[in-house]
Amino acid sequence: MTDDSPRTDGGPQLEDLVAQLRAATRRIVDLEEYVDWSQPLVEQIERPTEGAAAGDAQPKQKDKPKPPEPYFSSVVEWVEQWFIPTLPRKAGGSMSRWCALWWAHAEAVVRFQALWTSWEVLRLDPGTGMGVWLRDHLDSQLPFLMGADGPFAQCSPDHHEPMPTLPVAPVPPEVLDALTAPSESEGGG
């Protein structure tokens, strides 16, 4: 293996990356579960009470249609089968950074996950869905994702170099207590 080829031997960096990706995936799943949980409440608040004019005490429940299945089964499938072939870029240089091991960059995975899930929703809008997705999602993410300061900043198309993590100092217990305990004004005290 040359110094320019992506690292694939599963060294200690990969273990750290896997842990970070699993944590990011858990956070995404938690957020998706919260959205799923809260959606009926939002719909109930937004919908006028059916039957209220007729004096019914309870609104009639309608059968909800089953949501459409995603077109792609995973973010990896979406990146490899849609993003890369649909949005080719000249990789390298300061304007468009890329790494063949894109999945080894936690920030890239989170950004691609957001792009993919929004793409899955907006692809169903036959009118302006893709225009909205391009403007509001892709165009705002791509400069961060592939820019000179993005997750691939230290990589080249054929060389993976993980970004160093930001330094952090331990939080003193009294600061941690102040940040996690409800304040006097919030607690009604």
query: What do you reckon, is V132 more than 18 Å from the chain's Cα centre (by Cα) and not acidic (D, E)?
result: no
field: Which listed residue is open to solvent by 50 Å² or more (accessible area, probe 1.4 Å), assigned to a loop (DSSP other than H, G, I, E, B) and either touching a helix residue (DSSP H, G or I) at 6+ places or on another chain (Cβ under 8 Å) or modelled with pLDDT of 90 or more (or both), from P182, P170
entry: P170
- line: When region 89-127 is checked residue by residue, the ones that are farther than 29 Å from A19 by Cβ, open to solvent by less than 50 Å² (accessible area, probe 1.4 Å) and in a loop (DSSP other than H, G, I, E, B) are G93
- request: Please name all residue pairs, on different chains or six or more residues apart, with Cβ atoms under 7 Å, provided the first residue is in region 144-170 and is more than 20 Å from E15 (Cβ to Cβ) and the second residue is among the aromatic types (F, W, Y) and open to solvent by less than 50 Å² (accessible area, probe 1.4 Å).
  value: M146/W98; M146/F152; F152/W98; P157/W98
task: Residues being over 19 Å from P151 (Cβ atoms) and part of a helix (DSSP H, G or I): count how many of those fall in region 63-88.
output: 5
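The values are calculated or read from the model by the stated rules, or taken from the named source; none is laboratory data. Every value quoted in this text rests on a predicted model; they were computed, and no experiment measured them. With ideal geometry, Cβ positions are generated from the backbone for all residues, glycine too; neighbour counts draw on all protein chains shown. To get the accessible areas, we keep the full protein, side chains included, count just its heavy atoms, and leave off ligands, DNA and RNA. Shrake-Rupley method; radii C 1.70, N 1.55, O 1.52, S 1.80 Å.
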